[in-house]
Structure formats: structure tokens, C-alpha cells
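A quick write-up on the structure given underneath.
The values are calculated or read from the model by the stated rules, or taken from the named source; none is laboratory data. Model, not experiment: these values are computed from the prediction. Backbone-built Cβ (ideal geometry, glycine too); neighbour counts: all protein chains shown. For accessibility, only protein heavy atoms count, side chains too; no ligands or nucleic acids. Shrake-Rupley method; radii C 1.70, N 1.55, O 1.52, S 1.80 Å.
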Amino acid sequence: MRIYDIIAKKRDSGELTREEISFFVKGCTSGEIPDYQTSALLMAIYLNGMTDRETSDLTSEMAKSGDTADMSAIEGLTVDKHSTGGVGDKTTLIVVPIVAALGGKVAKMSGRGLGHTGGTVDKLESIPGFRTELSPKEFFDNVNALGAAMIGQSGNLAPADKKLYALRDVTATVSCIPLIASSIMSKKLASGSDCIVLDVKVGSGAFMKSLDDAKQLARQMVNIGNACGRKVSAVLTNMDIPLGFAVGNSLEVIEAVKVLKGEQKGDLYDVCIELAANMFALTSGKSLDECRELAKGSVENGSAFRKLKEIVNAQSGDVKVLDDTDLFAKAKYSFNITADESGYISRLDSEKIGISSVVLGAGRETKGEKIDHSAGIILNKKTGDLVNKGDVLATLYTNNQDKLCNAEKIFLSAVEFSDEKPNKEPLIY
Ligand code: URA
């Protein structure tokens, strides 16, 4: 078998056999297939798609490309959550402590930023000292003792995804249903949680721009998980507007802390309550309504914020920055973007806002690039807000002054105005 022939077959819209998919996954994981051929096949898949059978074969091959975690060391049912990726999506930092505070067991494995979207591991690493790599024993011990641990895609778990994820990130091959479904579900299957909640994002800042595509992706992932004996639910949420106000790693941790301290309600809080309720409902068997109330209660009584501090402390993070978020390292340069006309904001293209934050240094433009944890954007206005000419729309933060001009241009191209107030779209579909 030759990778050249597999690429040519997919280029010509052929259906790959299980053997061909297995050959590809093994070869790219071992390094025998060079990155340029892997990237060529990724682009052919992106352009020509995969059947459900190919997607499920790709997922299984990726899931068994490395170790599989044995969660039996954790007492009780474990629950994991995964987002398909969004802009300003810091929900993991909020829902994990909520569910753990309620008594759930959250064994959370997260990713880094992908394309224009942020990743939880990058956000966690903006907390000084925080270790996103734990030994399996530490990971299990922390979940047993505290109810949660948050780590990166550790060791040799689904290494095929690690490889493909990093290449997709820089070859414009992310927003593709079979590649997203196999990427997420291979990790979730290898990481062994009993219950999985998928946050499938829809809209301009998501990889799925339409509700129909998001439903298709959600169904495919739920079916793959159920076929492997996992309890899976998917929540479809709006990503036409960035979630919350902060985009960028430490800026998002600061916002997550505000929500957990009960200081910020609104879209981010609402989505987090829904996700946490779904997670706790899957593991506890309680009704969704009851779980929503419990989740809100954990924010109100402070137990969720205390739990975040326990998790951070157990992973060597400096909890002082959570008690006083002014202690987070600040970007050297900040710049206010102002409105050059008056009217309602009728659209904020979240993908462009994500790209603007990547340009500022909050994400990667080349594989393995170091990111600037303090870079990013704080939105001052969002879709539906009435603004006057000269009002501050957003503030940009960076340590590289040369990036400001381009980032501003991209940000401004994301904003549209109208004379009439736009209709409000659903937050949770
Ligand atoms: N998150 C993942 O883990 N993989 C994707 O492809 C998209 C979002």
C-alpha cells in the first residue's frame, strides 16, 4: 500500500477502506508518512468528505493509535465535556468546578487553540505554575480527592489526533465534519470517561456555520460514542457572537473567575449552567431541571469557585491570581477600537474576532508556535447594542506593538451596523 495512492483516491472522491485508513493513521503517527503527505490527504478529506463508515473507522483507528486510559481507578461514573471550538469559549474553566462541587467526577482532557478558536490548555497555562501534564496516578488521585482534574492530551493518548490536530490547525483543514468528529471522539474514547457532554457550537465563530451542519456533527459524535457504550449528549449552542466579553487566554481565565464568583451573568453564565446541568444529569441520573438549579446554587454559595481554587492548587497553579485577578501578567500594549459610525451592531463576525486575537498573539499561526498568554481582546459592545460614533467597541492587548494595526483592521471588518435593532438569536438551540 502507498500513501500516494490513498491521497489520489480521496482526491478523486473515492471511499477509503478500513485498511487504507489504518495504514494512514499508523503511518502519520509513527512519522513514516511525512507531514506534507498527511496534509495533502487532510485537504482531500476536507474537500471531498467521508462517509459515516469512513468517519467511524477513522475514529476507531485514531482512538487506538496509542494508550487508552483505564478509569477504573476513579470511584463512580466519570464525566467529560468537549466543545467543538469557539471564540471566547472558556466554559470548561467554569463547568468543571461546578460539576465537581456538586459531587461529580470530571476527568477533563483538553486541547490547545485550533485555528481561530482558543483551547483550554493554553488558557490554563496562563495561570502561573499550573501543570497541564500530570502522571496518570496524579490525575486519578486528584479526580478521586477533588472531583476533577484538567489536563492536556496526555502522553500517548490518541497520538494520531495530536499529530493531525496540529497539522489541521495550520493547513486550513479544521472545519470538516469527519475530521472534527474523529478528532473529538477518538480522544474521548481513548480517555475512557463513562459520560460525555458535547458542546456543539453553531455560527460565525464556530467551525459549523449552519444549524444543519452542527446537528449532523452532533448526531455523528453521539452515535460513535453510543456505539462504544458511552452515555453521550450534545448541546447545540450559539457561536455567532463570541461567548462573554474576553477573547484570549489570561483574559478568559479572569472572566471565568468573575462568573464563578457570581459577578457576571449573561450568555456565558447561561451556557455554562446548561452544560454543567447536562454533565451532572448524565452521571447522577437526576433531572435536568434539578441539575440546573444545583449548578446555579454552586455559584451562588461559592462552592464552585472554591473548587476551582482547589483544582488549581492541586495542579501547582498560583491561586493568588484567582483571588486577585489584577495579579495576572499584563500585556505591554493596549489599544481602544472606536466606532466610526452610530447605530446598532447588527453582526460581529466571531471568526474574524478570533483571527484578530490570534494576530495579537493569543493563538498560533505556525505549528508549535509559542503564544502570548496576556494577548487578546475585551469586547465592550456586542451584537444588538446601540453605539454612538466614537464609542469604544473593544480593547486590544498584545506584547507586540507591530501587530496592533493588522488586528484592528481585521476586528473592524468583523463589525456591521444597522439602523434597526437586530433580532436576538437563541443562545441554546
Ligand atoms: N476540538 C477538537 O478536539 N478537535 C476538533 O477538530 C475541533 C475541536
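What are the residue pairs meeting all of these: first residue in the stretch 80-98, first residue on the phi > 0 side of the Ramachandran plot, second residue open to solvent by less than 10 Å² (accessible area, probe 1.4 Å) and basic (Lys, Arg), Cβ atoms under 9 Å, and 6 or more apart or on different chains?
Gly85/Lys201
Specify the residue that is surrounded by the fewest Cβ atoms within 10 Å (Cβ to Cβ); the eligible residues are those in the stretch 19-46 that are of a type in the set (S, T, N, Q) and farther than 21 Å from Ile184 by Cβ.
Kept after step one, since they are of a type in the set (S, T, N, Q), are these residues of the stretch 19-46: 22, 29-30, 37-39.
When the remaining residues are screened for being farther than 21 Å from Ile184 by Cβ, the result is 30, 37.
Working: Ser30: 12, Gln37: 18.
So, considering only residues that are of a type in the set (S, T, N, Q) and farther than 21 Å from Ile184 by Cβ, the one surrounded by the fewest Cβ atoms within 10 Å (Cβ to Cβ) is Ser30.
Of (1) outside the structural domain of Val358 (by TED's automatic domain parsing); (2) open to solvent by 60 Å² or more (accessible area, probe 1.4 Å); (3) not charged (D, E, K, R), Leu386 satisfies all except one. Which?
Result: Leu386 passes all but (1).
Those residues that are in a helix (DSSP H, G or I), among the basic types (Lys, Arg) and more than 29 Å from Thr383 (Cβ to Cβ), I need them from the stretch 285-339; list them, please.
Across the stretch 285-339, the qualifying residues are Arg306, Lys307, Lys309, Lys320.
Looking at (1) surrounded by fewer than 24 Cβ atoms within 10 Å (Cβ to Cβ); (2) under 30 Å from Asp372 (Cα atoms); (3) among the aliphatic types (A, V, I, L, M), which is the one condition that is false for Leu251?
The one condition Leu251 does not meet is (1).
Mind counting the residues in the stretch 146-166 that are crowded, with 24+ Cβ neighbours inside 10 Å and near the ligand (Cβ under 9 Å from one of its atoms)?
Kept after step one, since they are crowded, with 24+ Cβ neighbours inside 10 Å, are these residues of the stretch 146-166: 148-151, 158, 160-161, 164.
Keeping just the survivors that are near the ligand (Cβ under 9 Å from one of its atoms) gives 161, 164.
Number satisfying all stated conditions: 2.
Only residues in the stretch 293-305 that are open to solvent by less than 70 Å² (accessible area, probe 1.4 Å) count as the first member; pair them with residues that are of a type in the set (Lys, Arg), Cβ under 6 angstrom, at least 6 apart or cross-chain, and list the lot.
Phe305/Lys261
Restricting to the stretch 167-224, name every residue that is within 11 Å of the ligand (Cβ to nearest atom), open to solvent by less than 10 Å² (accessible area, probe 1.4 Å) and of a type in the set (S, T, N, Q).
Result: Thr173, Ser182, Ser183, Ser186.
Any idea how many residues of the stretch 47-70 are touching a Ser or Thr at 6+ places or on another chain (Cβ under 7 Å) and surrounded by fewer than 19 Cβ atoms within 10 Å (Cβ to Cβ)?
Pass one, the stretch 47-70, residues touching a Ser or Thr at 6+ places or on another chain (Cβ under 7 Å): 48, 55, 58-59, 61-63, 65, 69.
Next, only the ones that are surrounded by fewer than 19 Cβ atoms within 10 Å (Cβ to Cβ) stay: 48.
So the answer is 1.
Looking only at residues in the stretch 84-109 that are in a strand (DSSP E or B) and open to solvent by 10 Å² or more (accessible area, probe 1.4 Å), which one is modelled with the lowest pLDDT?
As a first pass, look at the stretch 84-109 and keep what is in a strand (DSSP E or B): 105-109.
From what is left, the residues that are open to solvent by 10 Å² or more (accessible area, probe 1.4 Å) are 105, 109.
Numbers: Lys105: 96, Met109: 87.
That would be Met109.
What helices (runs of 4 or more DSSP H), lying completely within the stretch 1-83, carry at least 3 residues that are under 20 Å from Ile180 (Cβ atoms)?
Those helices (runs of 4 or more DSSP H) span 18-30, 35-48, 52-63.
Table: residues versus (1) at pLDDT 95 or above; (2) touching a Ser or Thr at 6+ places or on another chain (Cβ under 9 Å).
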residue	(1), (2)
Lys188	no, no
Ala206	no, yes
Leu211	yes, no
Ile224	no, yes
Ala246	yes, no
Val253	yes, yes
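Going by what's in this entry, would Val143 be described as open to solvent by less than 20 Å² (accessible area, probe 1.4 Å), assigned to a helix (DSSP H, G or I) and closer than 25 Å to Gly354 by Cβ?
no
Can you say whether Asp122 is within 16 Å of the ligand (Cβ to nearest atom) and either in a strand (DSSP E or B) or outside the structural domain of Gly266 (by TED's automatic domain parsing) (or both), as far as the supplied structure shows?
No; evaluated as a whole, the condition is false for this residue.
Please tell me if Ile184 is under 25 Å from Glu365 (Cβ atoms) and within 14 Å of the chain's Cα centre (by Cα).
Yes; evaluated as a whole, the condition is true for this residue.
Against the definition (surrounded by fewer than 24 Cβ atoms within 10 Å (Cβ to Cβ), part of a loop (DSSP other than H, G, I, E, B) and not assigned by TED's automatic domain parsing to the domain that holds Gly361), how does Glu263 come out, yes or no?
yes
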